[in-house]
Amino acid sequence: MVPLMSTQTSGEPATAATAKEPGFAYAAGSVLIVVAILLVGSLGFDADIQLLLFISMVALVPLVMRLGYSFDDAENFAFRAIRSVLGLIMILMAVGALIGSWAESGTIPALVHLGLSVLSPQLFLPTTLLLCILASMATGTSWGTIGTVGVAMMGVGEGMGYPVAMTAGAIVCGAYFGDKMSPFSDSTNLNAALVGTDLTRHIRHLTWTTVPTILLCGGIFTVLGFTTSHGRGSVAEAEAINAALSENFSLGLPAFLPIVVVLVLLLMRKPAWPSIFVGALAGALVAVLYQGASVSDTLSVLYNGFVMETGTATVDSLVSGGGVMSMMGMVALFLFAIGMAGLLTGSGMLLALITPTLRWITTPRRLMVTSIFLVPALVALGGSFSFAAVMSGSLLLPLYHKFGLDPRNLSRILEDSGTANDPVFPWSSGGVFVAGVLGVSTLTYLPFYFFVFLSMAFSLLYAITGWKVPRAERSGEREPDGEAGEGPVSAPHAPAASTR
């Protein structure tokens, strides 16, 4: 689940007549000022990242105005970008409510109890990976998968004594596999549309990098499961946790009903945040009717989160948390990061930073290698995958036509280097969401997010060797998927694609 931040300017208020395009030096200097604020503030004064991002956003405003834009123009650049991701902020808050209500309803305790009773500790990580793959493929949403299945598996993993970073890594790997490969995923459909290729052919071409990547991830997590010391994960500890859960919650079938509600709604292709919030309301209903909670307490849990005090620290940490308010720090971080991206994009600074890179592209191989590293850089600068996809699609697609490369090569790179990198950066939409929902910082789970490293590695391998890099189709000719070729072609043969 990724935000769609449009780069189009039609219908926008006219900017100042004196506005000029920024040069590379000016744009780079502006970005360095932002980096300095973040580094000095965080390392030197231990300031909150949200405050530093807000200061950075404010600092960019006079730099944008110095180009000739008015304050209203700069404000519109930031606010327009923020408005484009309000739907994702609604998802964040809905997930916060869901976590709290599922804790009070016994849904999370019941899943933890079931997991500790049934799952083999050694196979927990590959099982988590598989469950998240199935959920994300079926629903097409990585965020929905992480906010439901992922939250539950974090509890199971903690009960088994697994490091939270490993569990979060397995969850994110499985969830983003579906975000890349599911025909129901918005990012998968977006990438195919951006380059003007058929969705089925796009997915089929993507299997060459994604399938070996996820198989290797499964192998790595299996090895980790058999070689990692599980700490608290002894049989006696698991039995103690299950006993405490049974004493404080009713763990029968009604506790699982909220999960069924959410999965059914997502499978029916209902919008994500209303579906998740309905799941939260279902959890609240189960809490009142099955767990015996009061209506006032349950409404408070939806907003402030659930707090459990059993006297057993492990159990309390497993089932406490959530609430809309628990997401407010993430929402603030998200808003300020996206606002900065809007200022950089609207003023033309981002384009000024990218343009010199494009002059280096003189061969198909260089084009693909540049694409592989440019796309994640745009994810980092723009704070979202879809922003990077739209920007790189607009800039790079004509070059793929120029060198006679099938546009599917670009759409595959957008997935391998773009979609997969969405949860990598602490300020990007995916990074903010995963850290906020799973309670694990981005840099903590990143070493176990093997999916992104392997996806880019396979993509780079094919780009350098030319294997599985098909040429553009000539009129009346259809080449088989994966036909390789290298070297420039004088005229493009693929149709131009819409970037809207």
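The table below gives the values:
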read-out	value
Residue-by-residue Karplus 3J(HN,Hα) for region 63-76, coefficients 6.51, -1.76, 1.60, Hz, glycine and proline x	5, 5, 5, 5, 7, x, 7, 7, 4, 4, 4, 4, 4, 5
Local net charge near V434, Cβ-Cβ under 14 Å (Lys/Arg +1, Asp/Glu -1)	-2
Those lysines that a straight Cα-Cα span of less than 20 Å connects to K270, excepting residues fewer than 8 apart in one chain	K180
Cα radius of gyration and Dmax for region 310-449 (Å)	18.6, 67
Peptide ranges 409-422, 72-85, 381-394, 256-269 listed from the most packed, as the mean C-beta count within 10 angstrom indicates	409-422, 381-394, 72-85, 256-269
Backbone N within region 44-60 under 19 Å of label point (7 Å from M328 Cα along the Cβ vector)	48-55
Within the chain, helix-based [θ] at 222 nm, where runs of 4 or more DSSP H residues each add -39,500 (n - 2.57), nearest 500	-21000 deg cm²/dmol
Quotient of C-alpha Rg and 2.2 N^0.38 Å, computed over region 206-342	1.38
Isotropically averaged projected area of the chain, using the convex hull of Cα atoms (one quarter of hull area), nm²	24.5
Distant-in-sequence amide H partners of L405 (H built 1.01 Å from N, under 5 Å)	A472
Helix 107-118 axis, angle to the chain major axis (alpha carbon atoms, nearest 10°)	80
Cα centroid separation, region 451-472 to region 353-413 (Å)	14
Equivalent ellipsoid semi-axes, region 86-327, via Cα gyration tensor eigenvalues times 5, rooted, Å	31, 24, 13
Under 15 Å, Cβ to Cβ, from L378 - net charge with Lys/Arg +1 and Asp/Glu -1	-3
Cα centroid separation - region 148-177 against region 99-137, whole Å	8
Rounded to 10°, Cα long-axis angle of helix 151-160 versus longest principal axis of the chain	60
Listed peptides 187-195, 41-49 by packing density, highest first (mean Cβ within 10 Å)	187-195, 41-49
C-alpha long axis of helix 199-227 to longest principal axis of the chain, angle in °	40
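Every read-out reported here was derived from the displayed coordinates using simple, explicitly stated rules and does not represent laboratory data. Because the structure is predicted, anything quoted here is derived from the model rather than measured. Counting neighbours? That spans all protein chains shown, and the Cβs are built from the backbone with ideal geometry, glycine included.
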